[in-house]
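First up is the structure itself, then whatever we jot down about it.
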Amino acid sequence: KSLNELLYTNKTILEIAIDHGFSNSKSYTKHFKELYNSSPSDFRKKDDFHQYIQPNEGSKNSQKSQDVLLEYVEKNKKTGDYGFIPVDPITVDCHQVTSDKFDFEKILYFDFVYDGLNSNWQNNLTKIQKEINFDYIRFNGIFNKGMFFYSKKELSYNWYNINNLFDFFISINLIPFIELTYIESEYSLKNWHILLEEFLSHCVTKYGRQEVCTWKFELASEDKSYEQAISLYTSTLNKLSNNFDYLNLGILFSPAKDYEEREYLRNFKDKNINFMSVEMTEDLYYEKQDLANQLFHNISVNMGLKLYYISVYKDNNLNDTCYDANAQVFNKLTNFNNIDTQVSFIDDLRNTKIFHGGLGLLTYNGLKKPIYNAYHLLNNLRGDVINRGDKHIVTQKNNIIRVLIHNYDEEAAKMYRKQKNLLSNQSYQSFKSIIDQNSSRLVTMSLKLDSGLYRIRSNTLNDKNGCIFTQWFTMGSPSKMNKEEFDYLKSKEYMKIEIATTEVVDSLIIEELLNSNEIKLLEIQKL
């Protein structure tokens, strides 16, 4: 905002600094250099810049300053004179809401079913459920021996632990999404069918048909071969359709590297299923992205089934950083815009390292990772879509306009994915420089609004705000912490929050310089 006076008036640098909230010219110059790689006085003198300026024109026109700046930066971006890449200016008419909606099923996932009986685990889940209000909780291992669901001595089922788990989920408004995995070494197919029928009958009897009809039951096979999976699923669905055709039944499909999905899908065209989950490694998805997208289309459009995508990741410290948070936001807004995905609840409780590259929203001891903050922003963003692009989305709900912008670089991400495999067992120090290579971006947006007074709140997620991994690394990467040190780290969970009130005449100009893997959500409400 100070550019206007810097370019069009004869005010001193000190006067301009004071007028725009800086305590002195030194502070103003410091921030100016960080943004434009030039001092204010040198910036004023640049001959190639001043050729764009029309003397004595529009001293109060801040938009003119921004246009001049962007044109100049565009001219010089190849040389990197200012250290950032400008995004083409965006104009959004907030009076024109599209028919598109930004909405999605919020699905939590956890690996070990008996963790759900742990009181600390339950406390952490209750805490984040109050903040985000997830829809489903997906898990497998319901028939794990650790759940003690069957007494060989009495030849009878004991559903006590399973009931406790379901009772807890229902008490915090989470719907069970149960993966039922067949393991050939433990059951004959006949006994597997008997077990499933006993289990489903118990669920309906205890919780009622109306409640259980909201649950999801997903058939899965430990043997991923197509022949085995097709045989298992078709026979099981035929068996269950006699008494449980009213339930939400689905199957888990794990494409092979050389898969031909049409032959697979043909077997389930007329079966009683409501959804299908596709499980792929991250590497396979990007290697076969066009084929994967065609598969998604065939399932959701041609077969008319609800589609879920499950991405399989390896543990890597990038999962603890803002890079992963940015990747999740990018995927939700682009690759998986119309596909529901899941997010892991908490890192493995059996791992005593605070950070080990796990996939959870929380560390094993309950600290919120950057991915938690990113998911929180996405949840707040839900509403009617006004505008969307590569780096932004604008939505509206309950008379609040929300603008989310992010700095995810697809080309840099390709490099990250290659490095992930090479550096998975090395320290964060060894590949921090890779992350930092991502360029900063200048995003300028003009929002056409009704004139009036507006309250603007911004949440910023970056390495310095909301990324406890970076703060832990800065602390010296302690393997153990006392209560004071743990509380200090916990205080760094929070994103940066700024609140301002501004008068708008026709349009609100937003100008944000996003650093590497930074995300910002603006909430704009008329007072």
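The values are calculated or read from the model by the stated rules, or taken from the named source; none is laboratory data. What you are looking at is a predicted structure, and each value in this text was computed from that prediction instead of being measured. Neighbour counts run over all protein chains shown; Cβ positions are idealised from the backbone, glycine included. For the accessible areas, the whole protein counts, side chains as well, though only heavy atoms, and no ligand, DNA or RNA atoms are used. Shrake-Rupley method; radii C 1.70, N 1.55, O 1.52, S 1.80 Å.
I need the full set of residues from segment 284-304 which are under 24 Å from residue 136 (Cα atoms), aliphatic (A, V, I, L, M) and open to solvent by 20 Å² or more (accessible area, probe 1.4 Å), in order please.
301, 303
Just checking, does segment 102-110 include any residue being open to solvent by less than 60 Å² (accessible area, probe 1.4 Å), under 23 Å from residue 333 (Cα atoms) and in a helix (DSSP H, G or I)?
First pass over segment 102-110, keeping only residues open to solvent by less than 60 Å² (accessible area, probe 1.4 Å): 102, 104-110.
If we keep only those that are under 23 Å from residue 333 (Cα atoms) too, we end up with 102, 104-109.
Pick out the ones that are also in a helix (DSSP H, G or I) and you get none.
No: segment 102-110 contains no residue that is open to solvent by less than 60 Å² (accessible area, probe 1.4 Å), under 23 Å from residue 333 (Cα atoms) and in a helix (DSSP H, G or I).
Search segment 103-121 for residues being of a type outside the set (Asp, Glu) and in contact with a helix residue (DSSP H, G or I) (Cβ under 6 Å, 6 or more places away or on another chain), and hand back the single one that is modelled with the highest pLDDT. Walk me through how you get there before you give the answer.
As a first pass, look at segment 103-121 and keep what is of a type outside the set (Asp, Glu): 104, 106-110, 112-114, 116-121.
From what's left, in contact with a helix residue (DSSP H, G or I) (Cβ under 6 Å, 6 or more places away or on another chain): 114, 116, 121.
Numbers: 114: 86, 116: 89, 121: 94.
Only one residue fits best here, namely 121.
Could you check, for segment 302-323, whether at least one of its residues is farther than 29 Å from residue 467 by Cα and assigned to a helix (DSSP H, G or I)?
Narrowing segment 302-323 to residues farther than 29 Å from residue 467 by Cα: 302-307.
Of the ones still in play, those that are also assigned to a helix (DSSP H, G or I) are 302.
So far as segment 302-323 goes, yes, one or more of its residues are farther than 29 Å from residue 467 by Cα and assigned to a helix (DSSP H, G or I).
Which one is surrounded by the fewest Cβ atoms within 10 Å (Cβ to Cβ), of the residues in segment 266-283 that are at pLDDT 90 or above and assigned to a helix (DSSP H, G or I)?
The selected residue is 267.
Considering each residue of segment 324-343, count those that are in a loop (DSSP other than H, G, I, E, B) and of a type outside the set (A, V, I, L, M, F, W, C), and give that number. If you could, list the steps in order and put the result at the bottom.
Taking segment 324-343 first, the residues in a loop (DSSP other than H, G, I, E, B) are 334-339.
Next, only the ones that are of a type outside the set (A, V, I, L, M, F, W, C) stay: 334-335, 337-338.
Final tally of qualifying residues: 4.
Residue-by-condition table, conditions (1) out of contact with any Gly (no Cβ under 8 Å at 6 or more places or on another chain); (2) free of Cβ contacts under 8 Å to residues at least 24 places away in the same chain; (3) under 25 Å from residue 485 (Cα atoms); (4) among the hydrophobic types (A, V, I, L, M, F, W, C):
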position	(1), (2), (3), (4)
315	no, no, no, no
318	no, no, yes, yes
326	yes, no, no, no
340	yes, no, no, no
379	yes, no, no, no
385	yes, no, no, yes
388	yes, no, no, no
391	yes, no, no, no
402	no, no, no, no
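In segment 378-401, which residue that is part of a strand (DSSP E or B), more than 17 Å from residue 510 (Cβ to Cβ) and in contact with a Ser or Thr (Cβ under 9 Å, 6 or more places away or on another chain) is most open to solvent (accessible area, probe 1.4 Å)? Steps first, please.
Residues of segment 378-401 part of a strand (DSSP E or B): 383-388, 392-397, 400-401.
Then drop every residue that is not more than 17 Å from residue 510 (Cβ to Cβ), which leaves 383-385, 397.
With in contact with a Ser or Thr (Cβ under 9 Å, 6 or more places away or on another chain) added as a condition, the list becomes 383-385.
Details: 383: 13, 384: 52, 385: 5 Å².
So the residue we want is 384.
Please report, ordered by residue number, the helices (runs of 4 or more DSSP H) entirely within segment 414-527 with at least 1 residues that are over 21 Å from the mean Cα position of the chain (by Cα) and modelled with pLDDT of 90 or more. Steps first, please.
On the way: elements: 428-435, 468-475, 483-490.
It comes to 468-475, 483-490.
This table checks each residue for (1) among the aliphatic types (A, V, I, L, M); (2) not in a strand (DSSP E or B).
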residue: 125; (1), (2): yes, yes
residue: 131; (1), (2): no, yes
residue: 137; (1), (2): yes, no
residue: 161; (1), (2): no, yes
residue: 167; (1), (2): no, yes
residue: 176; (1), (2): no, no
residue: 181; (1), (2): no, no
